[in-house]
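Each value in this text was obtained by applying a stated rule to the coordinates, not by laboratory testing. As the structure is a prediction and not an experimental result, all values here were calculated from the model. Positions of Cβ are generated from backbone atoms using ideal geometry, with glycine treated the same way; all protein chains shown enter the neighbour counts.
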Amino acid sequence: MPSELVYDALVLGGGPAGLAAAIQLARFNRSVLVLDEGGGRSSYHQVNHNYLGFPGGITSRDLRRLCREQASRLPIAFIDDAAAAVSRQGSCYAARTRDGMEVHGRTLVVATGVRDRFPGFPGWETYVGRSIFWCIVCDGYSTRGRRIVVVANDDDGGVTALQFLQFTAHVTVLSNSAHCGLGTKVRRELEARGIRLIEDEIAGVLGHDGILGAVELKRGGTLEADYLFSLQGITPASELAASLGCEISHRGYIVTDMEQRTNVPGVFAAGDVTRDLAHQIATAVHEGITAATTANYTLYAAWQRHEQYR
Ligand SMILES: Cc1cc2nc3c(=O)[nH]c(=O)nc-3n(C[C@H](O)[C@H](O)[C@H](O)COP(=O)(O)OP(=O)(O)OC[C@H]3O[C@@H](n4cnc5c(N)ncnc54)[C@H](O)[C@@H]3O)c2cc1C
């Protein structure tokens with residue numbers, strides 16, 4: 001393998017975390033290749049109202065487009081395809097794309113995000129980011145005084161539903177499953193706080209252009225709602241990191257230290273794939289830049305010698 005074909009860093013994922021890492025690495029004058037299959041959380045319709053510097057908010061799609069434009073002004077290589085497999089090859093890491101191309105890097109930054117489990121009724125994608133959300137931190141504030149349906153089928157979801165009372169009195173919990181997984185204690189608390197629990201499944205919604213009017217239930221009837229919060233869980237995209245031997249938490253996230261190192265030397269992780277809480281653009285950008293900075297240090301030969309004696 002000719003050495004000029006080995007990048008200083010391969011970045012898996014082109015969301016805010018991956019792009020922040022790539023831009024910072026390029027600004028360390030390192031050669032970088034980003035593999036991105038597109039999509040991810042930053043590709044829905046949401047407006048980010050809590051990201052600093054945008055008084056009127058900025059749509060996630062616009063932010064991502066601007067970040068990619070920023071990256072394009074630097075010598076960063078992109079392959080718009082998924083990494084299907086990664087492996088260690090001598091002192092390097094190799095990533096194979098779905099199309100079968102193999103690329104190599106001296107370090108690897110994993111920024112592959114998570115996969116949400118939104119309710120799968122026809123046309124659901126139109127609603128995500130407009131009136132279907134999952135995150136109380138990002139979008140709880142928009143629900144002030146509005147009617148919300150919280151789709152939750154475990155105690156974590158039930159407890160989050162209680163937190164919505166900080167914003168609105170019109171909260172309903174919907175199990176979206178024939179079997180309700182909420183425990184007795186949480187059920188009692190919901191009841192005591194005036195939150196109705198409905199054990200039924202979503203058949204569809206009534207609405208237009210992504211704006212919700214009501215949720216249709218399988219057993220008949222509708223629930224009027226302005227917003228739906230889907231707390232059905234998420235799957236961290238941590239399989240590739242796991243295949244390299246990276247430690248994965250019991251919730252499926254890649255475990256890192258505060259400098260975004262994983263337990264595998266030369267492999268770093270950033271963004272939603274590293275943490276259970278605080279899934280935020282600001283966090284993703286912070287972790288992306290931190291991962292790039294740590295990767296840059298490890299690429300210095302003197303640093304590698306120093307690390308051996310730590
Ligand atoms: C409805 C909604 C509303 C939100 N509102 C806000 C908000 O108001 N404020 C806020 O700060 N945050 C908000 N968020 C959260 C925010 O979007 C995420 O925290 C952020 O996108 C995380 O960035 P990331 O780069 O880690 O992951 P992502 O943005 O998900 O990017 C991951 C990228 O990796 C790619 N990828 C995955 N696997 C592979 C692979 N094997 N090979 C190559 N590429 C791969 C994906 O396709 C994707 O492009 C919201 C999210 C949603 C869904």
What residue among SER91, SER175, SER238 shows peak mean-square fluctuation when the chain is described by a Gaussian network model with Cα springs under 10 Å? SER91
Please find, in a Gaussian network model of the chain (springs between Cα atoms separated by less than 10 Å), the residue of ILE58, ILE289, ILE148 whose mean-square fluctuation is greatest. ILE58
Take the Cβ-Cβ distance between THR168 and THR235 as r, set R0 to 25 Å, and report the resulting FRET efficiency rounded to the nearest 0.05. 0.30
Using Cα pairs closer than 8 Å and at least 6 residues apart in sequence, work out the relative contact order for the chain, in percent. 20
For segment 124-230, what mean projected area does the convex hull of the alpha carbons give, in nm²? 6.0
With only Lys, Arg, Asp and Glu charged, each at its Cβ (+1 for the first two, -1 for the last two), find how big the charge dipole of the chain is about the Cα centre; round to the nearest 20 debye. 440
Of all DSSP beta bridges having both residues in the chain, the percent classed as antiparallel (nearest 5) is 45
Grab the eigenvalues of the alpha-carbon gyration tensor for the chain, scale each by 5, take roots, and send me the semi-axes largest first in whole angstrom. 40, 20, 17
Cβ-Cβ cut-off under 9 Å around SER175, Lys and Arg +1, Asp and Glu -1: the net charge is -3
Mind checking which of THR107, THR59, THR184 has the largest fluctuation in a GNM of the chain, springs on alpha carbons under 10 Å? THR184
Can you tell me the length gained on complete extension of the stretch GLU259 to VAL137, counting 0.36 nm per residue apart and subtracting the Cα distance? 41.5 nm
If each of ARG188 and ARG146 carries a label point 7 Å out from its Cα toward its Cβ, how far apart are those two points in nm? 3.4
Give me the net charge for the shell around LEU212: Cβ to Cβ below 12 angstrom, other residues only, Lys and Arg +1, Asp and Glu -1. -1
